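Undergrad: Just dropping this structure here.
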Amino acid sequence: MIVRYCRESRLLRPIHPLFHLLSERFQPDGFGEIIIGSLLVGYATLEMGLTFTLGQGLLFLLVIFFATLIYTAIKLAVASIAFWIKFAQSYLYMTYQMSTFTKYPMGIYPKAIRFMLSFLLPFAFTGYYPGAYFLGKESFMNGVVLTIVVSLVAIVLAYQVWCQGLKQYESSGS
């Protein structure tokens, strides 16, 4: 992503390079994922007999937004490694494999793994903690507030990595 993107013609355009990179490609398959995900959440909610107020529904949408921001931050930070090592695909793959750990309760892991999944690669805030909150198994602080705080910190740090990488960028000359 980064290596293909960084051509001088793109870096010289009067638009912020990161915004240009993120908005360059439209991926309509994302709408299918949103539809399928919404249907699955709706079905699971009905099957489990859960009821949500309008406020909880809006809070759920807010948490989804910030969880998406966490994924964006992780992908941006890891992809930005390409400024230094040129090929970051294997690192992206390895990082996303770590997200599979959050399909299980955090309590089954040692403290070091929980810390890593909560704060170093904060995938636990993209599903586990918010989900546990909406099921009544986690506090508002852990399920919602920390999700928002972690996402904001993650996106700021990822942006800083991107900016440092952009400063390091050297043309291949072609």
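The values are calculated or read from the model by the stated rules, or taken from the named source; none is laboratory data. Computed from a predicted structure; not experimentally measured. Every residue, glycine among them, receives a Cβ derived from its backbone with ideal geometry; neighbour counts consider all protein chains shown.
Undergrad: Specify the residue that is modelled with the highest pLDDT; the eligible residues are those in region 24-53 that are surrounded by 10 or more Cβ atoms within 10 Å (Cβ to Cβ) and under 30 Å from PHE83 (Cβ atoms).
TA: Checked region 24-53; the qualifying residue modelled with the highest pLDDT is GLU33.
Undergrad: State all residues of region 83-98 that are touching a Leu at 6+ places or on another chain (Cβ under 9 Å) and buried (at least 17 other Cβ atoms within 10 Å of the Cβ); if no residue qualifies, say none.
TA: Within region 83-98, PHE83, THR95 meet the criteria.
Undergrad: Go through (1) under 19 Å from the mean Cα position of the chain (by Cα); (2) of a type outside the set (D, E, K, R); (3) more than 23 Å from LEU135 (Cα to Cα); (4) exposed (fewer than 12 other Cβ atoms within 10 Å of the Cβ) for ILE15 and report which single condition fails.
TA: Status for ILE15: all satisfied but (1).
Undergrad: Read through the list (1) on the phi > 0 side of the Ramachandran plot; (2) part of a helix (DSSP H, G or I); (3) not hydroxyl-bearing (Ser, Thr, Tyr), then give the number of the only condition that CYS163 fails.
TA: (1)
Undergrad: A further question on this structure: State whether the residues of region 150-169 include one that is touching a Cys at 6+ places or on another chain (Cβ under 7 Å), under 27 Å from HIS16 (Cβ atoms) and of a type in the set (Phe, Trp, Tyr).
TA: Checked region 150-169: at least one residue is touching a Cys at 6+ places or on another chain (Cβ under 7 Å), under 27 Å from HIS16 (Cβ atoms) and of a type in the set (Phe, Trp, Tyr).
Undergrad: Give the residues of region 120-152 that are loosely packed, with under 15 Cβ neighbours inside 10 Å and assigned to a helix (DSSP H, G or I), sorted by residue number.
TA: Answer for region 120-152, where residues must be loosely packed, with under 15 Cβ neighbours inside 10 Å and assigned to a helix (DSSP H, G or I): LEU120, PHE140, MET141, VAL145, VAL149, LEU152.
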